[in-house]
Amino acid sequence: MTESDQSGARWLDCCQLLQELASEVKAGLAALSANDLESFESSVAAQERLCESARPLRTLLSQQTTPAPHQQLGSATLQLSQHNRIYLAAIRRASQTCAALLSLYQDSPRGYSPDGRVPPTTKTWSCEV
């Protein structure tokens with residue numbers, strides 16, 4: 001196999017890896033929107049594995065002298081970046097929602113008791129006729 005063939009194979013590996021990563025990010029988003037924690041965790045684990053397998057490939061590609069096949073690499077990176085933007089927006093919304101819920105809980109009159117007892121409820125006076 002010539003150097004050009006090896007270089008082309010590396011670029012194809014990179015494109016395939018980016019497409020797989022984009023697919024896993026999309027699956028993670030679907031699991032997140034369906035509130036399926038188990039699927040979401042498995043998708044995140046798969047994303048981590050794909051990123052780990054990309055590390056050696058990244059070093060090899062940085063040393064390449066032949067140009068990348070722009071169409072394939074461009075579409076794979078575009079797809080991945082679109083999914084990443086959606087993912088980031090979902091994470092931001094989730095953190096804002098958590099902050100709002102935490103704020104509401106802290107302002108609640110019942111609150112949290114460190115010793116495990118439920119604080120007494122406030123009593124109201126009512127008139128019965």
Between S75 and S103, take the C-beta separation as r, use R0 = 41 Å, and let me know the FRET efficiency to the nearest 0.05.
0.45
Can you tell me the order of 12-25, 81-94, 40-53 when each peptide is scored by its average per-residue count of other Cβ atoms within 10 angstrom, highest first?
12-25, 40-53, 81-94
Suppose each label sits 7 Å from its Cα in the direction of the beta carbon; what would the R92-S42 distance come out to in nanometres?
3.1
If I model a spin label as a point 7 Å beyond the Cα along the Cα-Cβ vector, how far apart are those points for L57 and Q19 in nm?
1.1
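Every number in this text was worked out from the coordinates using simple rules, so none of it is lab data. Owing to the predicted nature of the structure, the values given are computational and were not obtained by experimental measurement. Virtual Cβ from ideal backbone geometry, glycine too; neighbours counted across all protein chains shown.
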